[in-house]
Structure formats: structure tokens, C-alpha cells
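Worksheet: one structure, shown below.
The values are calculated or read from the model by the stated rules, or taken from the named source; none is laboratory data. Just so it is clear, the model here is predicted, and its values are computed rather than measured. Neighbour counts are summed over all protein chains in view; Cβ atoms, including those assigned to glycine, are modelled from backbone coordinates with ideal geometry.
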2 protein chains.
Amino acid sequence: MQVPVIQQIMKANDQVANENAKTFEQAGVRVVNVMASPGAGKTSLILEAIARLPAGMRPGVIEGDIASTIDADRIAAHDVPVVQINTGGNCHLDAPMIRTALDHLDLDALDVLFIENVGNLICPSNYRLGSHVNLLIASVPEGHDKPFKYPGMYANADLVALNKYDLAEVFAFDFEAFEHGVRMVNPTVPIFRVSARTGEGVDAWLSALLQQLALQPA
Amino acid sequence: MQVPVIQQIMKANDQVANENAKTFEQAGVRVVNVMASPGAGKTSLILEAIARLPAGMRPGVIEGDIASTIDADRIAAHDVPVVQINTGGNCHLDAPMIRTALDHLDLDALDVLFIENVGNLICPSNYRLGSHVNLLIASVPEGHDKPFKYPGMYANADLVALNKYDLAEVFAFDFEAFEHGVRMVNPTVPIFRVSARTGEGVDAWLSALLQQLALQPA
């Protein structure tokens, strides 16, 4: 009895995700769905990316959280258009939430939209939002075994940024083991080692992201 | 339409949680539900606790993960009875899963049972398992703002262990801000700063845990 209910929910979500995608297309906005564990550095990397966008490229952000406006406040402090979605208890954003948030954003004034999903390595991977790129931010302190434990999230990623890599030694992080885990479920996804704190690797990662978003010649 | 379904699920879960609690009572086993983000150090702190238990106190572990037996293998390597639950896509353990796992554990041979929940700061707080203590493991690299963002999890905690505290300076972790966030939703929960890596603070935390489990005089 439970499975048909879940399928209906997913079908309704997919329908709205397709509408969102059409809206983005018409407005000429490219969209990245940013997913990660709590505290992996989603907001920090979004801010790093925004600071390094090519001149004239106009960013916007949708912030998803269970509660609070901490992340949206951080973004707004940089004069970037931002909408906060508080999901209540929900462990992920869904397409209708994005639809509602779009009423509060002037898409014609944007070129690239970052959607920061709820901090979670499980639920967000099941809900399409209508975005162009699924960006998964992994983080060194989480440990290199996470791709084995959260295969759904890694399987759905178009791009992986492994953040806090400046601390790889402190945490005895085994990059080869991590890469092996990612490759088991996603043989081709590009993996970039970055640090939002030191800036290391951020340019190369952002360049790959913009290429995937078709915002820059390959 | 959705809310009644959710309530029914929760009611069924609570019923089985009560049966689990009765089973634990009859066997004289005290049970802790260990919850945290991915990579906060659940397995490491469980292993630290087990290594420091008073002589003669017999531990067991139930490991919950989306996939893999990595954590169960780590526990089993220490000759501790362990059962792995793979939840498939589910972002939390529930009482019926624990019920099933109990068929594979000899409760009469145990005094304390650690249930390691799925790595997630959202879903697990809504599902009672029949345990005696809700232990929340926070972790310095996640950042001090997490209590504001995941209030449900912090509100339900009986005990908070803040792990990786040896790296507080590296991450510019503001303990007062963290404590303030915890106190907003849970005014009385004890908070212990620990490091599974260096052993710092682990004895004091474990002593508080055993007191809450009524396994040691207060």
C-alpha cells in the first residue's frame, strides 16, 4: 500500500520539476542543485563561486533549511538576491517549494541560480527540482567512506566538490578510497578537491561547474 | 490526506517501540539511541565507550545504515556482538527494524546496547525505538550553527557529545554560540566536549551516559 502513494508523490513532484525547468529555460537561467551533509560547506562554496563568477554574470540563491535564516542572511550580506525556504520538518526541498520561491525572484535579472538544498545525504537525491546540474559537496571531516554509505546521493551527482581538503592530513583522509567509492556508483562524475577556506582548487571546480551549466565554452 | 497517514505510521511505530522497551526491561538491558550527521564520529565514540566500560559490563551494538557493513565490521573486529540493519533508502531506523534485529541478538548476554542510527540530523528524531537515552553527537567541523538549523534533533536529545573538539581552533568553533543554540530548544541537556581521536573528555561524557542509563551510581 505504501509504494503506490510514494510513486504518486514522486510523479506529482516530477511534473512540477518539468514546469520549473521550462520556466528556467524561458528566463535563460541556469540552475544548480547544491546538496551535502550538514556543515559540509554549501553556503561557503556558493559564496566563493559567486565571488569568482565572470564579470556581468548575475547570481541568485534559494536557501533550503529546516529552520532559521542563517544561510540566507549570509548570502544577502553580499547583495545577492536570495529567498529562504523553511521546510518545517522536511528533510529535502521539492519542486513545488521551488515553484513557490520563484514568485519571489526576478528570474530575468539572473543568469545562474544556486539552490542550496537541506543538509542531508539521503532525502534530497530523490526529488528533482528542475535544475540543470546536481552538485554534491563532500567534506573531508566526514570521512572517505561516505560514498559507500550514501550511494544514492553519489549516483545522482553530476559534479562532486570535496571540501575542506586543506585538512586532509589532519583527518587521515584517503582520497583513493573516496574516489574508489564514488566510482563504484558513478563511474564518470568529475571530482574536485577544494577548500572554501583557503581557496585551493575553487577556480578549477567553478570552471567545471560553469561548463556543465553551459555558461562558458568547454 | 497526507497527515493522517503519517500519524498512523507514527502510532504503529510507537506501539512497537513500547514492545521493544518492554523486551529491554525484561532482559535487563539499557539502550542508547546514537544519532548524528554523517561522519560526526558515531562509530568511533561507541568504540571509545565500549573500551572504557566498567569491568564485566557487556556491550552490544545495532548498526543502522542506508547501505554497507563498514561500521558493523569495525565493531565486530572488537569481538562485540553486532547486527547490521541496511535501511535501503530510509533516512532513519524505526522500531520494527529494531524488533527484527533483536531476533539476532542474545539480550540476556548484554547489559548495554548501542543503537547507531542512520547518519542524519532530521528524520531519526521523529521515530522512537524503545531506547532509554537519546544521545546526539555533534561535531566541530559541522559548525556551531547547527542547533539553530536542526532544532528537532537537539530538542529531543538527552545528552549531547560535541566530538572532534581537539580541532575547535582550526575550525574557529564558537562554543558559546553552539551552547546558546542548544539552550534555545533544550535548556537542560548536558553537553560534553570530547575527541574520539585524542580521548579528551571521553571519560566524563561516558560517566554521564552511564548515569543516565542508570548503570552507575549518580
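Checking the structure you have, find out if any residue of the range A:153-166 is surrounded by fewer than 18 Cβ atoms within 10 Å (Cβ to Cβ), within 14 Å of chain B (Cβ to nearest Cβ) and either farther than 21 Å from residue A:43 by Cβ or touching a residue at least 40 places away in the same chain (Cβ under 8 Å) (or both). It would help to see each step written out before you state the result.
Step one: of the range A:153-166, the residues surrounded by fewer than 18 Cβ atoms within 10 Å (Cβ to Cβ) are A:155.
In the following step, the residues that additionally are within 14 Å of chain B (Cβ to nearest Cβ) were identified as A:155.
The next check asks that each one be either farther than 21 Å from residue A:43 by Cβ or touching a residue at least 40 places away in the same chain (Cβ under 8 Å) (or both); those that pass are A:155.
For the range A:153-166, residues surrounded by fewer than 18 Cβ atoms within 10 Å (Cβ to Cβ), within 14 Å of chain B (Cβ to nearest Cβ) and either farther than 21 Å from residue A:43 by Cβ or touching a residue at least 40 places away in the same chain (Cβ under 8 Å) (or both): present.
Name the residue, out of A:80, A:32, that is closer than 25 Å to residue A:193 by Cβ and either away from chain B (no Cβ under 11 Å) or small (Gly, Ala, Ser) (or both).
Details: A:80 fails: closer than 25 Å to residue A:193 by Cβ.
The match here is A:32.
Take residues that are within 17 Å of the chain's Cα centre (by Cα) and at pLDDT 95 or above and tell me which of the strands (runs of 3 or more DSSP E) falling wholly in the range B:32-130 contain 2 or more.
Numbers: elements: B:59-65, B:82-86, B:112-116.
Qualifying strands (runs of 3 or more DSSP E): B:59-65, B:112-116.
I'm checking my understanding of the structure. Among residues of the range B:102-122 that are out of contact with any Gly (no Cβ under 9 Å at 6 or more places or on another chain) and touching a residue at least 24 places away in the same chain (Cβ under 8 Å), which one is nearest to residue B:76 (Cα to Cα)?
If we filter the range B:102-122 for residues that are out of contact with any Gly (no Cβ under 9 Å at 6 or more places or on another chain), which is where we start, we get B:102-104, B:120.
From what is left, the residues that are touching a residue at least 24 places away in the same chain (Cβ under 8 Å) are B:102, B:120.
Numbers: B:102: 17, B:120: 23 Å.
The qualifying residue nearest to residue B:76 (Cα to Cα) is B:102.
Quick check: anything in the range A:121-131 away from chain B (no Cβ under 14 Å) and hydroxyl-bearing (Ser, Thr, Tyr)?
Yes, the conditions are met somewhere in the range A:121-131.
What number of residues within the range A:72-98 satisfy the criterion of being out of contact with any Gly (no Cβ under 7 Å at 6 or more places or on another chain) and within 24 Å of residue B:118 (Cβ to Cβ)?
Result for the range A:72-98: 7.
For the condition under 25 Å from residue B:131 (Cβ atoms) and either of a type in the set (Asp, Glu) or surrounded by 20 or more Cβ atoms within 10 Å (Cβ to Cβ) (or both), what is the one hit in B:215, B:206?
Exactly one of B:215, B:206 is under 25 Å from residue B:131 (Cβ atoms) and either of a type in the set (Asp, Glu) or surrounded by 20 or more Cβ atoms within 10 Å (Cβ to Cβ) (or both), namely B:206.
Looking at B:90, B:126 in this structure, which one is farther than 17 Å from residue B:31 by Cα and in contact (Cβ under 8 Å) with a residue 60 or more places away in the chain? Before you say what the answer is, go through the steps one by one.
Working: B:90 fails: in contact (Cβ under 8 Å) with a residue 60 or more places away in the chain.
The unique qualifying residue is B:126.
For the range A:112-145, give me the residue count where each residue is over 27 Å from residue A:53 (Cβ atoms), of a type in the set (D, E, K, R) and surrounded by 24 or more Cβ atoms within 10 Å (Cβ to Cβ).
Going through the range A:112-145 one residue at a time, the tally reaches 1.
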